[in-house]
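The values are calculated or read from the model by the stated rules, or taken from the named source; none is laboratory data. Bear in mind the structure is a predicted one, so any value in this text is a computation, not a measurement. Cβ atoms come from the backbone with ideal geometry, glycine included; neighbour counts cover every protein chain shown.
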Amino acid sequence: MPIQYYIFLALALFSIGIIGVLTRRNAIIVFMCIELMLNSVNLLLVAFSKMHHAEALTAVADTTIGIDAQLFVFFIMVVAAAEVAVGLAIIVMMFRNTHSVDVHFLNRLKN
Amino acid sequence: MSITEILFWFLSALALVGALMVVLSRNPVHSVLWLVATFFAISGHYILMNAQFLAIVNIIVYAGAIMVLFLFVIMLMNLNSEAEPRKSWMMQLAGVLAGGCFMMVLVSLVRQTAELGGKTALVKEGNIGLIKQLGMKLFSEYTVPFEISSVLFLSAMVGAVVIGKKD
Amino acid sequence: MNAIIVSAVFGVLMMFASFLVNNKNVYRYLAIIGLSVLLLANILETYAIWSIKFDSFLQLSFERFGLFFNSIAIAATLFYVLLSGKDIVRVGNYSAEYFVLIFFILCGVSLITSYNSLLMLFLGIEIISIPLYILTGSDKKNLKSNEAALKYFLMGAFSTGLMLMGIALSYGAVGNFGLEGRGVVAFGGSMRVSFLEVAGLLLLFISMSFKASAAPFHFWTPDVYEGAPSVFTSFMATIVKATVFIGMIKLLEARTGIFGPTWQIILPLMIVLTLAIGNITAVFQQSVKRMLAYSSIAQAGFMLFALWSANDMGREGILLYSVAYTLATVGIFAVLVKMKDYTFDGFNGLAAKQPLVAASVAVFVLSLAGIPLTAGFFAKYFMLASAIKSGAGVWLLVVAVVFAAVSVYYYFRLIQAMYFKEGEAEMFEQPTNSFKGMLAIFAVLLIVLGIAPSLLFNYLYF
């Protein structure tokens, strides 16, 4: 598969994530859109990993070039899991106090 | 059209539709389910690129653990009503324009990047995505970051207790 | 690697202390002991006397600059705990856990000062960010703190997404996560940089500007800094912010020249915007805490000069700047936490009631404004001088000096309130003698550094 297809797909998913973050008011949905952004990055990294691997294979038969991106994806998943734990705890705490997860509430801070 | 291409286009379409529906659904539970569908499509892409380990981990961690946590919180708060207030249409338009511009800029940038011309991502072949290879690398060269990510987990655990516990 | 490992170990030890010991004062003393040991361990590594070594396969590289900044950050945290430790313990029910998180943040700080691969940068930024989200929301009953935590969290996670996209694009162009990148290479006969790498680095830079709250990515800062418990605001506005700048300097030095001539437009624009927004909005604030939040944006504008100059003087300057800014801001916040009223009027007549406290605050404020004979003056001087050395236009310096003059206005309002207005500056509790002593030490340090800034740099080279 041409690498551009994967890049365009990842960029489209990433942009949909950005649009979701900017247009929705429910904090949980906003957070889910951020997860979508992280996932599109994962897809892009794996595609690049296979691209660099294919390139290296033409020179050397037995090579592990490109594997570092897949390990990076592994670390991104680790971080995302940690972030979800903290983020949902914060959202639940917020919900306990205000009975709402509307990010519009945040504007109250300004006054 | 080979079977690989058909699969590629099907999975891409599924991922895009799922992602769009995450943003468009009014009901948070539907959003979660569409996001799970998107994750499955992305896992399908991983399998297509022979990144088997990541495909499985993606399903277990993301679709399994993280999205269930989301669902759990949504159910706990009883948010499955469709009563989320909307942003004003001006804000929505601005958001869509911003996201669209971001995509347009990067897409045209990729099209201008000459060095990517003719490059392909290896599908169906290559063994770097197998558990053996990844494990050997993870526990030799990547031991230090692996250990450091445990600090990250510890801080997240402490944080979830500090923030989440009722006092 | 001493700082990374020892700080993580002390974080775990504090976790054990939280359920083995029930005395809040013990946590504070433990944290002070831990920070002292951490400082000692880092200094031992700096002078190559003793260090724990693990092969990180070139993902971490320890050099004098980063190690010295570690010492500064750890020492600043030590001073911070000595000064406001009692207030940290008092924020909520989880006294020991706050220290745990502070230790983990220091682990992230020492990662960012020594990373040599983008993976480590990413892990470091996350280890700093996640505890900060929690500390921001640690005042659980306070609605403002909750909202600040949620806002900070959503912004932070969003900028993490941008950062990862940047790293991925850069990887696509370079083929590894090394700090060096590929730079200018031949493409079909002509020498140029890869568009993908430029776009990736730009996204990376934007997301780090988010964390460092440089305009136009500053909009979360005032709300979060105001909503967070004041003790933790002082921590995140000083040590963490300076660390992010160190990370940016390392990144831009390794990939120097990649942005080409447009960089000469983007960065000055950011500097001017940051200075303008920070200083002008700070003028209109009534709350001292919010004024400090905006002034921290303005100070970030000056720190951006180090990115512009990218020479040895800029590196020295950013170290001096972080010391001067951290000491002064931590000191002011320590006093602010004890005040009942956070507005300027709340400080009315403080000089009559607490002459030593007021005098120290006056020194801090003078240093932040950059008045000669304080460390802040030389910090700003080094920043501007290093920019001139790298060929900055005179107009940029004029703008910087003008905004420094604007900042004098709102800083002096605080001095005016303390010394020249009648009033009852009410405090929650009378400051103890040790608190006053620490404040005085801070003030003396600022003045000593303001007379002989080279005292600090000597440690960088010898």
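With respect to the conditions (1) surrounded by fewer than 24 Cβ atoms within 10 Å (Cβ to Cβ); (2) under 16 Å from the mean Cα position of the chain (by Cα); (3) not hydrophobic (A, V, I, L, M, F, W, C), C:Arg90 lacks only one, and its number is (2). Residue count for the range C:405-427, restricted to those that are crowded, with 21+ Cβ neighbours inside 10 Å and not aromatic (Phe, Trp, Tyr): 5.
Yes/no matrix, rows are residues, columns are (1) over 18 Å from C:Asn279 (Cα atoms); (2) at pLDDT 90 or above; (3) in contact with a Pro (Cβ under 9 Å, 6 or more places away or on another chain):
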{"position": "C:Ser170", "(1), (2), (3)": "yes, yes, no"}
{"position": "C:Ser190", "(1), (2), (3)": "yes, no, no"}
{"position": "C:Ala199", "(1), (2), (3)": "yes, yes, no"}
{"position": "C:Ser207", "(1), (2), (3)": "yes, yes, no"}
{"position": "C:Lys211", "(1), (2), (3)": "yes, yes, no"}
{"position": "C:Ala215", "(1), (2), (3)": "no, no, no"}
{"position": "C:Pro222", "(1), (2), (3)": "no, yes, no"}
{"position": "C:Gly227", "(1), (2), (3)": "yes, yes, no"}
{"position": "C:Thr233", "(1), (2), (3)": "yes, yes, no"}
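Annotation note: Cβ proximity below 7 Å between a residue of the range A:64-78 that is farther than 12 Å from B:Phe146 by Cα and a residue that is basic (Lys, Arg) and surrounded by fewer than 20 Cβ atoms within 10 Å (Cβ to Cβ) (sequence gap 6+ or interchain) occurs for A:Thr64/B:Lys137; A:Ile67/B:Lys137. Being in contact (Cβ under 8 Å) with a residue 12 or more places away in the chain and within 12 Å of chain C (Cβ to nearest Cβ) holds for only one residue in B:Ala160, B:Ala121, B:Ala156, and it is B:Ala121.
Quick one: which residue in B:Ile60, B:Ile74 is surrounded by fewer than 18 Cβ atoms within 10 Å (Cβ to Cβ) and either among the aliphatic types (A, V, I, L, M) or assigned to a helix (DSSP H, G or I) (or both)? The unique qualifying residue is B:Ile60.
Confirm whether C:Val444 is more than 24 Å from the chain's Cα centre (by Cα), part of a helix (DSSP H, G or I) and of a type in the set (A, V, I, L, M). Judged against the criteria, C:Val444 is not a match. Annotation note: of C:Leu164, C:Leu111, the sole residue that is in contact (Cβ under 8 Å) with a residue 40 or more places away in the chain, aliphatic (A, V, I, L, M) and either surrounded by fewer than 24 Cβ atoms within 10 Å (Cβ to Cβ) or within 11 Å of chain B (Cβ to nearest Cβ) (or both) is C:Leu111. Among the numbered conditions (1) modelled with pLDDT under 90; (2) within 25 Å of B:Ile148 (Cβ to Cβ), the only one that A:Val46 does not meet is (1). Of all residues assigned to the range B:94-102, at least one qualifies as being assigned by TED's automatic domain parsing to the domain that holds B:Ser43, closer than 30 Å to C:Met191 by Cβ and surrounded by 14 or more Cβ atoms within 10 Å (Cβ to Cβ). For the range C:332-367, residues that are closer than 22 Å to C:Gly227 by Cβ and either in a helix (DSSP H, G or I) or under 18 Å from the mean Cα position of the chain (by Cα) (or both) total 11. Candidates B:Leu71, B:Leu48, B:Leu7, B:Leu33: the one that is farther than 19 Å from A:Leu9 by Cβ and more than 14 Å from the chain's Cα centre (by Cα) is B:Leu71. Consider the range C:39-77 and keep the residues that are within 14 Å of chain B (Cβ to nearest Cβ) and among the aliphatic types (A, V, I, L, M). The one that is nearest to C:Gly124 (Cα to Cα) is C:Leu60.
Looking at chain A, the helices (runs of 4 or more DSSP H) lying wholly inside it that each contain 2 or more residues that are crowded, with 21+ Cβ neighbours inside 10 Å and among the hydroxyl-bearing types (Ser, Thr, Tyr) sit at A:3-23, A:27-59. No other residue among C:Ser190, C:Ser209 is surrounded by fewer than 24 Cβ atoms within 10 Å (Cβ to Cβ), over 20 Å from A:Ser15 (Cα atoms) and more than 11 Å from chain B (Cβ to nearest Cβ) apart from C:Ser209.
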